[in-house]
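Since the structure comes first, as structure tokens, the remarks are kept for the end.
The values are calculated or read from the model by the stated rules, or taken from the named source; none is laboratory data. For clarity, every value in this text was computed on a predicted model and none was experimentally measured. Cβ atoms come from the backbone with ideal geometry, glycine included; neighbour counts cover every protein chain shown. Remember, those area values only see protein heavy atoms, side chains included, never the ligands or the DNA or RNA. Shrake-Rupley method; radii C 1.70, N 1.55, O 1.52, S 1.80 Å.
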Amino acid sequence: MAKKTIDDVDVAGKRVLVRVDFNVPLDADRHIADDTRIRAALPTLWRLLEKGSSLILMSHLGRPKGQRRPDLSLQPVSDLLGQLLGTSVHLAPDCVGVEVESMASNLKPGQVLLLENLRFHPEERDNDSDFARQLAGLGDLFVNDAFGAAHRAHASTEGITHHVPEAVSGYLMKNELQYLDEAVSNPQRPFVAILGGAKVSDKVEVIENLMGMLDVLMLGGGMAYTFFKAMGLDIGNSLLDEDSVPVAKNVLAAAEKQQGLEILLPVDCLVADRVASDAQTRVVARDQIPAAWEGVDIGPETRQLFQSRIEEAGTVIWNGPLGVFEIEAFAEGTRAIAETLERATWESGVISIIGGGDTAAAVTQAGAAAKMSHVSTGGGASLECLAGRVLPGVAALATAGV
Ligand code: AMP
């Protein structure tokens, strides 16, 4: 069900509490290594400022485990956000307490206050009701634009909605849901999913949820070897998710019975004598994996097979790299698929939806992110969406038209 957005409520002159996902990677010098998540929140923030709101922003950063950790302060985020917004952003010394309350109540339209890391307080993850009420008391209305945190029922994502007059979504949240929820339930056909990554167990629910809707399911990456095992093939030292072999057998059996579903596993793979950039490698058919070698990428025949289905697709969802893409010598399959999907999006109007985390990193590494229809900012949240789960941070928002 569509959620109300900031366009459905009166925000002029209001102090708007916005939950953002500024959980960005920091390097050893505490510089922001990737600012994608900060930039992704800008349309919502710009719009609210343009309408005359003052902003109280809240986010977590890293895993301080309920302790005050200076190395996990949001200070670097505050500095960068000020530059991006072109206005000064004040960093509060904490996220609750008398001083913060006074800073929030003195805000004038157009001013921006960023609260300090929510997870310095254990109450955030515990979804503590009193803590949620204190956060809620800082503003007049609540906007959730933190898709990447929406799969967690925390005080700032779920608890807070019980203490504010209105809880609506921002533009980033709206976009994410439009692609990961609506485009998936009503896809342009043929509807194709490419699933890769390390473990079958992480994606079983996604496979089960999507299978009934898909025209083509392509499986690659480390998890393909668990499927090969289920087919009785020798996989050498390739990654094996032993506990998931029965699940893989069930998926293969169910796919065979499902009319109209084509399930594609790699037909050849790149194998290496170890996972290292100077390893020896060869391309082999999937039933020829040598005993002491391991599969690290899809092979050229598989690339062509997958590419041909992408070129004919209407909607493509991709979650999980097709090889150990972090090592250049094993990144060719993932890169080729990223490039084909980018071209299909641009030239043939294919709707391309990239799950967050490693897949977003792989697509960015291939220089293909900008032209995809949607690259999700949420790893865990995007997987839960694709698994058909209702995200608690989304369920708690007001429904449009009500
Ligand atoms: P996930 O978080 O499940 O999407 O997994 C991403 C990880 O899967 C990346 O770090 C890849 O290096 C890894 N991966 C992809 N293909 C393979 C493979 N053939 N063997 C081992 N790991 C792989």
- Item | Those helices (runs of 4 or more DSSP H) lying entirely in segment 54-153 with at least 2 residues of a type in the set (Asp, Glu) and in contact (Cβ under 8 Å) with a residue 12 or more places away in the chain | 122-125
- Just to be sure, is Ala313 out of contact with any Ser or Thr (no Cβ under 8 Å at 6 or more places or on another chain) and not in a helix (DSSP H, G or I)? yes
- Task: Could you list, in sequence order, all residues of segment 154-168 that are in contact with a strand residue (DSSP E or B) (Cβ under 7 Å, 6 or more places away or on another chain) and in a loop (DSSP other than H, G, I, E, B)?
- Result: Ser156, Thr157, Val164, Pro165, Glu166
- Could you pull out every one of the strands (runs of 3 or more DSSP E) wholly within segment 194-310 that has 1 or more residues that are within 12 Å of the ligand (Cβ to nearest atom) and closer than 29 Å to Cys385 by Cα? 216-219, 294-298
- Task: Return only the number of the condition from (1) touching a residue at least 40 places away in the same chain (Cβ under 8 Å); (2) open to solvent by 10 Å² or more (accessible area, probe 1.4 Å) that Pro165 does not satisfy.
- Result: (1)
- Message: If I go through segment 311-335 residue by residue, how many of them are more than 9 Å from the ligand (Cβ to nearest atom) and open to solvent by 10 Å² or more (accessible area, probe 1.4 Å)?
- Response: 7
- Message: Kindly evaluate Glu205 against the criterion of being without any contact (Cβ under 8 Å) to a residue 12 or more places away in the chain and open to solvent by 10 Å² or more (accessible area, probe 1.4 Å).
- Response: no
- Message: Restricting to segment 289-310, give me the number of residues that are hydroxyl-bearing (Ser, Thr, Tyr) and open to solvent by 10 Å² or more (accessible area, probe 1.4 Å).
- Response: 1
- Selection from segment 93-107 of residues closer than 18 Å to Ser78 by Cβ and either open to solvent by 50 Å² or more (accessible area, probe 1.4 Å) or not assigned by TED's automatic domain parsing to the domain that holds Pro70 (or both) yields Pro93, Glu99, Met103, Asn106
- Message: Among the residues of segment 123-138, are any more than 28 Å from Pro392 (Cβ to Cβ) and open to solvent by less than 40 Å² (accessible area, probe 1.4 Å)?
- Response: no
